[in-house]
């Protein structure tokens, strides 16, 4: 009996160990193939997902046996940002390739030795394929540890069907004209604008505030103290937008709710980036073909500008393995090539910092390109200019401003407190 | 003697062997992070690069930060609400259910059901309920003619709103108290009945004293949860509006978000200290004796 049980135990052990040995042999075979992990947010419902998936498949097919890119889906953007931050703090790159939203807060990542400095590996033709301004914005103290990939303009969206219903056929060209149009919309039973103070950045209202601030204070307004009269006036205008011309739930509302009001036709005016243009639920709205994209009527002396930002920069893990580094560079060259970017732009509506001949044919996406081209100058929005912490303070205090708990001057002073100069 | 000594050392050896895996895990997942948190709270560190020792600067900054002080105050309110509203409610329901009224089993399940639903799902439901155009305003308007309120967008009502939707979920503590109440010997109640005690007097003089140990435990747990509250408030209001609902947990998270890791660690140390103080005070006030355990011995 004892011998039988020992024999059975031995056989079981062999059954367990054998697959491990076999595993090892399978893993040994393609040792020369370099596997690159890409923690990608462009998956799932993201408008860029299908094109990106196709490009990765194309690249892997062309480089079979040499380089293989494996996408690690990151559908939850907030969780993904946490992963990036936590990994870097723990002394580990989150993946071989990953993206960040480049702003003063994430610029801190450049201090890490974990990121590849593209300034050292970029050849001239590759560098020249990027928009020079975006490269400059992404360079910190001579280091280029992230490549500008996706850019965005943040214009105002107008539902012209709703405007026509209120008897308005043309977009207002002055701020007074805008408020007059809003009064007409209200009289017609349509809430003029989506606004919000919720989430960590009060996104929609933050964009409106940015338009007001730049118009009143100039494109370098973000270099000024936040107690500057331009910001105080911008705060008053934003408060007026929330209190008089928005939905009753604007205070505390998140981006989903703000966008939802516009998608449902409850509000006539909205603000967001070009990635929103590729959404299926937007395309399904009855007023989709009547959406007009434009800048905000000038509230101050600065006109013909557009609020823009670097929406996503691509980073790579630094490596002492030259072959691995070369593989990363090779893939990123492919991903950021004009044909690849054109493919992504075509299906997603997103805009990029890489020069291409692509011009969209879909009406709404075309408007973004036309508006960006028509702008004589651009300026950052508040979050891109001043970072996450200041934006959070902005969002938190905006609710108090809208409810009349604090004055515009107090609001600006509170936000100014968070700015490190 | 030698055999006894060998036996003893074997027993100790076995104990050490059994405790070793959990001790290793406890060290790496609690002790080490705890010590690291304390260490980083005395440095200036943004998560990237080197740490620079800066003494008590983070503590001074934190205590002078009105947002942190607000968060601390909110956590005290949370702890008191959970300890002195949620637990007594749970106790009341347990005391009713222990008498096994009709459908007591169904009621027990209904009360516990919210505890098996994810906090995220519940928070999203309550966001919809509290919406200006939501059912709460509709019901209050229909019954009392009340005007519509933005419950989560108004600093005067937001904290009450988020606390309310947590405090009413008494299932977890109710189950603990119900289990203890069911172990109270029936003979005590029978004797009291014979002596002419009313139901109220029985509950006051028998049930409550016998539940003392469980009550202290549930209050300690409830207040500890209150001190480290984060999830539902973050999901519903993000700590706003104007930090009206912020808690130390949310403040810590947002500091981490802004790459202020050393300040986040300082907030973490405060959290631990406050929790320790609350539990110690509770034990001092209510003692740690448990009549049920004493009876069983």
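Read-outs: derived from the displayed coordinates by stated rules, not from any lab. None of the values given here were measured: they were computed from a predicted structure. Backbone-built Cβ (ideal geometry, glycine too); neighbour counts: all protein chains shown.
Hydrodynamic estimate: the Kirkwood radius of the range B:109-239 over Cα pairs, inserted into Stokes-Einstein at 20 °C and 1.002 mPa s, corresponds to D of 122 µm²/s. Using only Cα atoms and rounding to the nearest 10 degrees, what angle (0 to 90) does helix A:338-348 make with the longest principal axis of chain A? Between the helix axis and the principal axis of chain A, the angle is about 60 degrees.
For the modelled label position 7 Å from the Cα of residue A:303 along Cα-to-Cβ, which residues of the range A:155-173 have backbone nitrogen atoms closer than 19 Å? Inside the label zone: A:156, A:170-173.
With a 10 Å Cβ neighbour count serving as the proxy for reagent exposure, in which order, fewest first, do A:243, A:69 appear?
Working: A:243 15, A:69 23.
Sorted ascending by nearby Cβ count, the order is A:243, A:69.
Roughly speaking, what is the centre-to-centre gap between the range B:125-145 and the range A:79-103 when only Cα atoms are used, to the nearest Å? The range B:125-145 and the range A:79-103 have Cα centres separated by 41 Å. Reported to the nearest whole Å, the Cα centre-to-centre distance from the range B:57-78 to the range A:145-220 is 37.
Highest first, please rank the peptides B:87-95, B:200-208 by the mean number of other Cβ atoms sitting within 10 Å of their residues.
Working: B:87-95: 20.8, B:200-208: 15.1.
Taking the mean over residues of other Cβ atoms within 10 Å, the ranking is B:87-95, B:200-208.
Projected label points at residue B:24 and residue A:183, each 7 Å from Cα along the beta carbon direction, are separated by 7.6 nanometres. Measuring r between the beta carbons of residue B:99 and residue B:164 and using R0 = 25 Å, the FRET efficiency lands at 0.35.
Let's test the formula: R0 of 41 Å, r as the Cβ-Cβ distance of residue A:410 and residue B:280. What FRET efficiency results, to the nearest 0.05? So the FRET efficiency works out to roughly 0.55. Counting only other chain Cβ atoms within 10 Å of each residue's Cβ, the peptide A:98-109 averages 1. The order of the peptides B:16-23, A:222-229, A:192-199 by mean Cβ neighbours within 10 Å, most packed first, is A:192-199, A:222-229, B:16-23. Evaluated at q = 0.12, 0.15, 0.16, 0.17 Å⁻¹, a Debye calculation over the C-alpha positions of the range A:237-374 (equal weights, vacuum) places log10 I(q)/I(0) at -0.66, -0.92, -0.99, -1.07.
Fewest Cβ neighbours within 10 Å first, please rank A:53, A:233 accordingly. Intermediate results must be reported in sequence, preceding the final value.
Values: A:53 14, A:233 19.
Listed from fewest to most nearby Cβ atoms, that is A:53, A:233.
Shielding of peptide A:250-257 by partners, expressed as the average count of other chain Cβ atoms within 10 Å per residue Cβ, is 5.
For residue A:225, put the label point 7 Å out on the Cα→Cβ axis and report which residues of the range A:405-421 keep their amide N under 19 Å from it. In the range A:405-421, the label zone of residue A:225 (backbone N under 19 Å from the point 7 Å along Cα→Cβ) covers A:407-421.
Once R0 is set to 60 Å, what does the formula 1/(1 + (r/R0)^6) return for the Cβ-Cβ distance between residue A:57 and residue B:183, expressed as a FRET efficiency to the nearest 0.05?
Working: r = 63 Å, r/R0 = 1.06.
Rounded to the nearest 0.05, the efficiency is 0.40.
Listing B:286, A:109 from fewest to most neighbouring C-beta atoms within 10 Å gives B:286, A:109. Just how many % of Cα pairs in the range A:272-327 lie over 17 Å apart, if you round to the nearest whole percent? Summing the P(r) tail past 17 Å for the range A:272-327 gives 65 percent.
What relative contact order, as a whole-number percentage, does the range A:225-329 give when Cα pairs under 8 Å and 6 or more residues apart are counted? Show your work: numbers first, answer last.
On the way: 25 pairs, mean separation 11.4, N = 105.
In percent, rounded to a whole number, it is 11.
Extending 7 Å from the Cα toward the beta-carbon at both residue A:319 and residue B:118 defines two label points whose distance is 3.4 nm.
Just checking the output field for B:154-162: average partner chain Cβ neighbours within 10 Å of each residue's Cβ?
Numbers: counts 5, 6, 2, 0, 3, 0, 0, 0, 0.
Partner-chain Cβ atoms within 10 Å, mean over residues of B:154-162: 2.
Under the criterion of Cα pairs below 8 Å and six or more residues apart, the relative contact order for the range B:140-297 equals 27 percent.
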